[in-house]
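Below is one structure; the comments refer to it alone.
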Amino acid sequence: GGSMRPAVGSLEILIPGQPVPAYRSRIVHGRKAYNPNRYATWLDMAKVYARDAAIKALGAIPGWRTGVCVKCEFYGANDLADLDNLVKAALDALQPAIIFDDRQVKALTAHRHPAQEGPVFEGRKTIVTVTILDPLEVSE
């Protein structure tokens with residue numbers, strides 16, 4: 001038996017900072033609920049964390065083209081942020097380094113949580129777990 005190691009078909013990505021919803025131009029309660037610049041800034045950062053997590057865990061940028069399951073955990077998002085737009089942001093962050101297209105996502109779970117206790121920069125975060133659904137043939 002070999003040493004235990006994570007399955008090559010699974011990846012956890014931690015994106016620090018308050019979760020930011022994907023930008024949708026609209027007015028909520030008479031004021032703009034979304035800032036497109038803030039989203040663009042968050043997305044650039046999130047893509048870097050996704051790439052870095054992949055290189056650290058998998059040794060490469062996977063660019064998976066198979067069906068995947070995605071689990072999203074959002075900590076400390078603004079109350080005005082819709083869960084579906086938070087999910088869209090998380091999926092945007094996966095492309096193209098981890099997956100190429102939203103249509104690869106065959107199963108999806110998402111939960112929002114209050115910010116965790118402790119320093120603000122640690123208590124607000126997004127955790128995205130991507131798992132390949134199709135079995136991988138790995139030759140040892």
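The values are calculated or read from the model by the stated rules, or taken from the named source; none is laboratory data. None of the values given here were measured: they were computed from a predicted structure. Positions of Cβ are backbone-derived with ideal geometry, glycine not excepted, and every protein chain shown enters the neighbour counts. The area values use the complete protein model at the heavy-atom level, side chains included, leaving out ligands, DNA and RNA. Shrake-Rupley method; radii C 1.70, N 1.55, O 1.52, S 1.80 Å.
When Leu108, Leu86, Leu133 are screened for being crowded, with 20+ Cβ neighbours inside 10 Å and out of contact with any His (no Cβ under 8 Å at 6 or more places or on another chain), only Leu86 passes.
Pick out, from region 24-140, the helices (runs of 4 or more DSSP H) lying fully within it that include 1 or more residues that are at pLDDT below 95, within 17 Å of the chain's Cα centre (by Cα) and within 18 Å of Ser10 (Cα to Cα).
Ranges flagged: 36-58.
Taking interchain pairs and intrachain pairs at least six residues apart, which have beta carbon atoms under 8 angstrom, with the first residue in region 79-95 and under 17 Å from His111 (Cβ atoms) and the second open to solvent by 10 Å² or more (accessible area, probe 1.4 Å) and acidic (Asp, Glu)? Between residues of region 79-95 that are under 17 Å from His111 (Cβ atoms) and residues that are open to solvent by 10 Å² or more (accessible area, probe 1.4 Å) and acidic (Asp, Glu), the close pairs are Leu91/Asp102. One residue stands out among those in region 36-66 that are within 14 Å of Val128 (Cα to Cα) and touching a helix residue (DSSP H, G or I) at 6+ places or on another chain (Cβ under 8 Å): the one that is most open to solvent (accessible area, probe 1.4 Å), which is Tyr49.
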